[in-house]
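Written out below as structure tokens is the structure these notes cover.
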Amino acid sequence: MKRARLSKALSYVLLALGAVVMVLPMVYMFTTSLRSNDATFSWPPRIFPTGSDLTFANYRYVLSEQNFVGYLSNTLFVAVVTTLATAVVASMLAYCIARLEFHGRRLLYGTIITTMLVPGLAMLVPQFELAVTFKLVDDLWGVIFFYSAWMTPFSTFLIKGFIDTIPRELDEAVRIDGGSIYTIFFRVIVPLASPSIAAVSIFNFLLPFEELGWSQTILKTDALRTMPVAITMFFQAHNRTDWGFVFAMTCCAMVPVILLYVLLQRYFITGLTSGAIKG
């Protein structure tokens, strides 16, 4: 009994330490966004601002002086289109691999799994050459197409794992009633696999809010910048980094992602756990 209590207490301590490690950077980011740049570098360093340091000037500057609405609109457009396109392509591809029998099915699935091992930025040069060839440089569609290509393998892998848990008898029942393959997919598979589709959609929606390398490479015009590219404007601006502006814009950019997760967290957890059981 004593050993069980000690083990339980140790588990709580480790969980608490893990929570602190994960939450503390976000707390510091938020508190830093509420004080001036000079107060950020004051000594001794403080996590929480005092009454004299507390200011909302960083948020006023970001929301009024900068093209924040434009940057956020660009990011949301890229995120929504990428999420929808990836969900459609990945769900159809996952259904074909999980349910249909055709030559090269195993090879196709193995290729998809292999591409998950290749980082997107490792293909930066050939991707840029493709973007130049198809005239997608300095175009949001150039970001969308390549983001979708990056996320499709993982999305397919996760959705396929969920589809494998759906009984095949449901497919046979629809066929007996005269339903086509499209009826099976849209009326049976998609509704039942919606938790996994929602789970990958959260990941895909998050990508445009955090990815910098490719968007910074391909987007040149200020009006087309996404949030990560816009945030880099404050680095080494005027020979210094205005961390208050950086963190204020970052906090504002986090709001849509947090709202999406709150709305879809039930599907997110279900999709991840079910896909992990049988993949």
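Report yes if Phe30 is out of contact with any helix residue (DSSP H, G or I) (no Cβ under 7 Å at 6 or more places or on another chain), among the aromatic types (Phe, Trp, Tyr) and within 30 Å of Arg225 (Cα to Cα), otherwise no. In short, no.
When restricted to residues that are touching a residue at least 24 places away in the same chain (Cβ under 8 Å) and loosely packed, with under 13 Cβ neighbours inside 10 Å, the range 166-212 contains 1.
For the structure I just gave you, tell me whether Met92 is over 30 Å from Ala253 (Cα atoms), in contact (Cβ under 8 Å) with a residue 24 or more places away in the chain and surrounded by 12 or more Cβ atoms within 10 Å (Cβ to Cβ). Yes; evaluated as a whole, the condition is true for this residue.
Just one residue in the set Ala98, Ala79, Ala87 is of a type outside the set (Ser, Thr, Tyr), under 24 Å from the mean Cα position of the chain (by Cα), crowded, with 19+ Cβ neighbours inside 10 Å and farther than 16 Å from Ala253 by Cα; that residue is Ala87. Any idea which of Ser155, Ser148 is among the hydroxyl-bearing types (Ser, Thr, Tyr), under 20 Å from Pro228 (Cα atoms) and in contact (Cβ under 8 Å) with a residue 12 or more places away in the chain? Only one candidate qualifies: Ser148. Applying the condition of being more than 20 Å from the chain's Cα centre (by Cα) and charged (D, E, K, R) to the range 201-256 and asking which residue is farthest from Ser155 (Cα to Cα) yields Arg240.
Rule-based calculations on the coordinates, nothing more; no lab input. All of these numbers come straight from a predicted model, not from anything done at the bench. For neighbour counting, all protein chains shown are included, and Cβ atoms are generated from backbone atoms with ideal geometry for every residue, glycine included.
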